[in-house]
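These notes are about the structure you will find just below.
The values are calculated or read from the model by the stated rules, or taken from the named source; none is laboratory data. Bear in mind the structure is a predicted one, so any value in this text is a computation, not a measurement. Every residue, glycine as well, gets a Cβ built from its backbone with ideal geometry; the counts of neighbours run over all protein chains shown.
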Amino acid sequence: MFEGALDQAAGLRSMTESRPVQVIAITSGKGGVGKTNVSVNLALSMISIGKKVLLMDADLGLANIDVLLGIRPTHNLSHVMSGECSLEDVIVEGPMGLQIIPASSGIQQMVEMNPMEHAGIIRSFSELSMKVDVLLIDTAAGISDSVVSFSRAAHEVVVVVCDEPASMTDAYAMIKLLNTKHSLQRFRVLSSMVPNVEEGRKLYNKLVKVTNDYLEVTLDFMGVVPYDESLRKAVRKQRAVVEAYPRSKATLAFKSLAKKADKWAMPTVARGHLEFFVERLIQAGKSKEGRGE
């Protein structure tokens, strides 16, 4: 049923007609590993290298990007779902010109949305007229339908892990679900809150060992976000670390990660579950270019 909604939303066209939007989903399985911090700071770091970035809070019932950045949006995705406003109406501007799609907090109906309703949110991207280079999706913790839906609607899935058994177990469970049930085969692994690159690579190698034994997937080591007290200080200030502490170890790491992500190869042919995010955003960008904007 979900696939049917995807297939009906837009006809597939060659993505070589225009530079496609880079769509990256940030997920983790377990909460508390720094996933939202990664999403926000990676987004801002990509802006610093000249990209136009749209950040979506896809934790539909427990939004926290607005809290992390001290933003108080008047509308969010719950208002889009109720028909009160369009997706473009809820977009708010954050630091450095970051465009943010806020989610709701404490609304049970948003937590209990089914895959068809998630497809409805994705379909609403057809309304956007803004030019975007990168769409970053900060998914919810766990392996809910929403996490699956938004992870499948991305070119790249970044799995954030930390040095805790529960984190590794939940990351494997997420990868297994997306691979065995939804045929995703490649994932980027980002080690968070580690002392150095060597320790981060050890976490990656542990995950690779398990996936090699049981799954047909490819894991790529994206890098690390080191443990840095500046991150905690920035959270308390409700600011992103790359803005609050531009010379910190964490900031340097995020800027390095942004440069890596910018070099990831883009697909040349659209996949069925990419069409809302990618194809419609391409159409919007081409439309604006045609008007000379």
> Can we say Val147 is over 20 Å from Ala261 (Cα atoms) and either at pLDDT 75 or above or crowded, with 23+ Cβ neighbours inside 10 Å (or both)?
Replying inline: yes
> What are the residues in the stretch 49-97 that are closer than 14 Å to Ile137 by Cβ and buried (at least 23 other Cβ atoms within 10 Å of the Cβ), if any?
Replying inline: Val53, Leu54, Leu55, Met56, Asp57, Ala58, Asp59, Leu60, Ala63, Ile65, Leu77
>> Would you confirm, using the coordinates I've provided, whether Arg152 is buried (at least 16 other Cβ atoms within 10 Å of the Cβ) and not polar (S, T, N, Q)?
In response: yes
> Within the stretch 55-91, which residues are of a type in the set (D, E, K, R) and more than 25 Å from Lys237 (Cβ to Cβ)?
Replying inline: Glu84, Glu88, Asp89
>> Being charged (D, E, K, R), crowded, with 17+ Cβ neighbours inside 10 Å and under 20 Å from Leu203 (Cα atoms) is the filter here; which residues of the stretch 215-248 pass it?
In response: Asp228
>> Restricting to the stretch 133-184, give me the number of residues that are assigned to a strand (DSSP E or B) and over 25 Å from Ala265 (Cβ atoms).
In response: 0
>> Restricting to the stretch 92-104, count the residues that are over 16 Å from the mean Cα position of the chain (by Cα) and hydrophobic (A, V, I, L, M, F, W, C).
In response: 2
> Of all residues in the stretch 174-197 being under 28 Å from Asp228 (Cβ atoms) and among the hydrophobic types (A, V, I, L, M, F, W, C), which is surrounded by the fewest Cβ atoms within 10 Å (Cβ to Cβ)?
Replying inline: Val197
> For the stretch 45-100, what are the residues that are in a helix (DSSP H, G or I), more than 23 Å from Val147 (Cα to Cα) and touching a Gly at 6+ places or on another chain (Cβ under 9 Å)?
Replying inline: Ile47
> Which residues, taken from the stretch 212-224, are outside any loop (DSSP other than H, G, I, E, B) and either of a type in the set (D, E, K, R) or under 21 Å from Val67 (Cα atoms) (or both)?
Replying inline: Asp213, Asp220
> Any residue in the stretch 179-193 that is closer than 25 Å to Ser82 by Cα and either at pLDDT 95 or above or touching a His at 6+ places or on another chain (Cβ under 9 Å) (or both)?
Replying inline: no
> Pick from the stretch 233-283 the residues that are of a type in the set (S, T, N, Q) and modelled with pLDDT of 95 or more: which of them is farthest from the chain's Cα centre (by Cα)?
Replying inline: Ser248
>> Considering only residues that are out of contact with any Pro (no Cβ under 9 Å at 6 or more places or on another chain) and under 24 Å from Leu231 (Cα atoms), which ones fall in the stretch 61-78?
In response: Leu62, Asn64, Val67, Leu68, Gly70, Arg72
> Which one is surrounded by the most Cβ atoms within 10 Å (Cβ to Cβ), of the residues in the stretch 17-44 that are assigned to a loop (DSSP other than H, G, I, E, B) and of a type in the set (D, E, K, R)?
Replying inline: Lys30
